[in-house]
Amino acid sequence: MGLKKATMVLDKAYQIGKIDPRIYGSFIEHLGRAVYEGIYQPGHPSADAEGFRQDVLDLVKELQVPIIRYPGGNFVSGFQWEDSVGPVDTRPSRLELAWRSLETNEFGLNEFANWTKKVNSQIMMAVNLGTRGIAEACSLLEYCNHPSGSKYSDWRISHGQKNPLNVKTWCLGNEMDGPWQIGHKLAQEYGRLAAETGKAMKVIDPSIELVSCGSSSAQMPTFPEWEAVTLDHTYDVADYISLHQYFGNRENNTEDFLASSLEMERFIQTVTATCDYVKAKKRSKKTMYLSFDEWNVWFHSNEQDDKIMQDTPWQKAPPLLEDMYTFEDALVVGSLLITLLKHADRVKIACMAQLVNVIAPIMTDKNGGAWRQTIFYPYLHASLYGRGVSLQPIVSCPKYDTKTFTDVPQLEATAVYNEEKQEVTIFAVNRSLTDSLELECDLRSFEGFSLTEHIVLESDDLKAVNTLQNSPVVPRKKNAQGFDDGILRAELSKASWNVIRFTHS
Ligand code: AHR
């Protein structure tokens with residue numbers, strides 16, 4: 001137990017770039033209880049006229065999620081979108097191969113569009129490039145975005161959606177490099193298909209943005225060759241390349257686990273470098289941006305999920321991927337959010353995977369209420385206070401090695417300047433399991449600002465979880481920091497997530 005020191009310098013002029021609010025996106029897949037019993041449950045005491053759970057709507061609204069990826073994930077590679085629209089009683093039930101479940105299609109595309117409106121969010125739609133191709137991607141886009149006067153746009157109107165859904169962001173398939181994917185492809189195969197699909201889609205609606213599939217994780221044997229080969233085909237038509245990565249404390253080595261964001265950082269740097277290599281090769285003027293459209297902690301439920309899918313397949317909404325998040329998971333999520341902010345110049349979209357019940361910040365009880373998991377809080381704080389410009393902090397702090405990583409900084413920190421609201425917010429994780437950190441931060445360039453609050457998430461129990469009945473992991477306000485002459489002195493407790501806010505007075 002001890003006290004270590006760290007310094008940070010923030011200056012209005014040291015900027016990484018403008019933060020695209022879509023880095024606080026999330027994801028709803030037809031998987032487990034994300035849709036059924038999650039966002040949609042007619043008959044639940046809180047359900048509205050459309051069957052949407054109001055308790056979940058409220059929590060999603062609290063998070064201010066700007067964009068939500070849908071309908072998968074692995075699910076999308078078997079998705080027949082036509083089954084999910086039109087009169088509900090005519091929609092077929094289907095065997096869903098990705099998660100060995102039964103998809104009743106009771107909730108589909110238009111229900112999701114109506115739900116996203118209620119949570120003030122936008123849709124990020126994925127097309128099926130696993131078992132389907134160019135024609136189906138085009139017909140789906142025509143259904144969603146074309147005003148009227150064509151087969152699929154008129155079909156949408158006949159389904160009660162007079163106005164186009166105007167879906168702006170489209171994923172060209174999901175994790176097509178993964179052997180588990182239905183319709184898995186080699187890089188050359190995917191690159192060609194994605195390029196031709198994207199080309200046709202942009203003929204229908206030139207205003208859309210496209211995400212080319214990157215690797216399913218940095219551990220894939222085909223990474224980063226997959227990026228180099230596929231981008232060779234898709235560079236001109238795509239606007240983003242996707243990154244997916246999940247983290248877990250599989251060996252119960254918390255020190256190592258808490259350094260996970262270093263892996264995320266290396267992944268972002270490598271993908272950025274690969275994009276820029278293709279840019280140089282093509283003598284292109286265009287910059288490829290990154291869409292980190294699946295990220296989170298995911299490991300708690302793995303064994304149980306395998307068992308459910310193997311022993312009791314083809315259930316409707318089985319309880320899959322229901323990770324119950326610990327306090328230490330929240331610290332990792334906090335440091336992952338900081339890492340995304342540190343790369344705001346290239347990462348323009350990011351989706352916490354997922355949003356409700358499935359590896360999610362929000363959990364529901366079928367017969368009861370909904371609650372906030374531990375990871376809800378760093379996500380909430382970043383989404384609320386992390387809008388504006390990402391600042392380039394100059395940080396100095398103690399470093400150490402863990403089993404997997406070398407030179408792990410004890411302090412993971414960054415800051416955001418919201419010029420419009422005249423606010424500056426520091427986000428900081430003290431990774432040490434033993435030592436608190438005395439942070440001295442120079443904010444002298446922010447003249448006239450005063451300290452508003454220091455929010456902290458801390459716990460003596462790294463494995464504490466929140467449940468419907470009991471939430472031991474909740475943020476609290478911390479006193480006793482000094483802010484004089486533009487210099488902040490704050491104590492960051494061992495193993496803590498901190499949000500320190502300043503406002504112009
Ligand atoms: O988010 C859960 C799953 O993780 C998604 O379906 C898939 O894309 C990824 O492997």
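The values are calculated or read from the model by the stated rules, or taken from the named source; none is laboratory data. None of these values were measured; they are calculated from a predicted model. Don't worry about glycine lacking a Cβ; one is built from the backbone with ideal geometry, like all the others, and counts go over all protein chains shown.
For a quick check of your reading of the model, give me the residue pairs whose first member lies in segment 34-58 and is under 18 Å from LEU468 (Cα atoms), whose second is of a type in the set (S, T, N, Q) and assigned to a strand (DSSP E or B), with beta-carbon atoms closer than 6 Å and at least 6 apart or on different chains.
GLY38/THR364
Condition check: touching a helix residue (DSSP H, G or I) at 6+ places or on another chain (Cβ under 7 Å) and within 15 Å of the ligand (Cβ to nearest atom). Does LEU340 satisfy that?
On the way: touching a helix residue (DSSP H, G or I) at 6+ places or on another chain (Cβ under 7 Å): yes; within 15 Å of the ligand (Cβ to nearest atom): no.
Against the criterion (touching a helix residue (DSSP H, G or I) at 6+ places or on another chain (Cβ under 7 Å) and within 15 Å of the ligand (Cβ to nearest atom)), LEU340 does not qualify.
Scan segment 25-55 for residues that are more than 27 Å from LEU290 (Cβ to Cβ) and touching a Leu at 6+ places or on another chain (Cβ under 9 Å) and jot them down. Can you show your working first?
Pass one, segment 25-55, residues more than 27 Å from LEU290 (Cβ to Cβ): 32-33, 35-55.
Result: GLY32, ARG33, GLY38, ILE39, SER46, ASP48.
For segment 386-476, give me every one of the strands (runs of 3 or more DSSP E) that falls completely inside it and has 3 or more residues that are within 20 Å of LEU331 (Cα to Cα) and of a type in the set (Val, Ile, Thr). Walk me through how you get there before you give the answer.
Details: elements: 389-391, 394-396, 411-418, 423-430, 435-442, 449-458.
The strands (runs of 3 or more DSSP E) meeting that bar are 423-430.
Can you report the number of residues in segment 351-379 which are more than 16 Å from the ligand (Cβ to nearest atom) and either out of contact with any strand residue (DSSP E or B) (no Cβ under 8 Å at 6 or more places or on another chain) or more than 26 Å from LYS421 (Cα to Cα) (or both)? Outline the logic, then answer.
Residues of segment 351-379 more than 16 Å from the ligand (Cβ to nearest atom): 364-372, 374, 376-378.
Subsequent filtering for residues that are either out of contact with any strand residue (DSSP E or B) (no Cβ under 8 Å at 6 or more places or on another chain) or more than 26 Å from LYS421 (Cα to Cα) (or both) retains 364-372, 374.
Of the residues in segment 351-379, 10 are more than 16 Å from the ligand (Cβ to nearest atom) and either out of contact with any strand residue (DSSP E or B) (no Cβ under 8 Å at 6 or more places or on another chain) or more than 26 Å from LYS421 (Cα to Cα) (or both).
Looking only at residues in segment 210-226 that are of a type outside the set (Val, Ile, Thr) and away from the ligand (no atom under 13 Å from the Cβ), which one is surrounded by the fewest Cβ atoms within 10 Å (Cβ to Cβ)? Full working, then the answer.
Here is the first cut: in segment 210-226, the ones of a type outside the set (Val, Ile, Thr) are 210, 212-221, 223-226.
This time we only want the ones that are away from the ligand (no atom under 13 Å from the Cβ), so: 210, 212, 218, 221, 223-226.
Working: LEU210: 22, SER212: 28, ALA218: 18, PRO221: 9, PHE223: 20, PRO224: 19, GLU225: 14, TRP226: 23.
Only one residue tops the list, namely PRO221.
Sort through ASP305, ASP323 and tell me the only one that's within 16 Å of the ligand (Cβ to nearest atom) and in contact with a strand residue (DSSP E or B) (Cβ under 8 Å, 6 or more places away or on another chain).
Working: ASP305 fails: in contact with a strand residue (DSSP E or B) (Cβ under 8 Å, 6 or more places away or on another chain).
Just a single option satisfies the conditions, and that option is ASP323.
Filter segment 264-300 for residues that are crowded, with 18+ Cβ neighbours inside 10 Å, away from the ligand (no atom under 16 Å from the Cβ) and closer than 19 Å to VAL332 by Cβ and give the result. Before you say what the answer is, go through the steps one by one.
Pass one, segment 264-300, residues crowded, with 18+ Cβ neighbours inside 10 Å: 264-265, 267-268, 271-272, 274-275, 278, 288-298, 300.
Within this subset, residues satisfying the condition of being away from the ligand (no atom under 16 Å from the Cβ) are 265, 268, 271-272, 274-275, 278, 288-290.
Matches in segment 264-300: GLU265, ILE268.
Looking at segment 158-203, which of the residues that are in contact with a Ser or Thr (Cβ under 6 Å, 6 or more places away or on another chain) and among the aliphatic types (A, V, I, L, M) is farthest from the ligand (Cβ to nearest atom)?
ALA195
Considering only segment 76-85, I want to know if a residue exists there that is within 16 Å of the ligand (Cβ to nearest atom), surrounded by fewer than 17 Cβ atoms within 10 Å (Cβ to Cβ) and at pLDDT 95 or above.
Of all residues in segment 76-85, those within 16 Å of the ligand (Cβ to nearest atom) come to 76-79.
Within this subset, residues satisfying the condition of being surrounded by fewer than 17 Cβ atoms within 10 Å (Cβ to Cβ) are none.
Within segment 76-85 (the criterion being within 16 Å of the ligand (Cβ to nearest atom), surrounded by fewer than 17 Cβ atoms within 10 Å (Cβ to Cβ) and at pLDDT 95 or above), the answer is no, since none of the residues qualifies.
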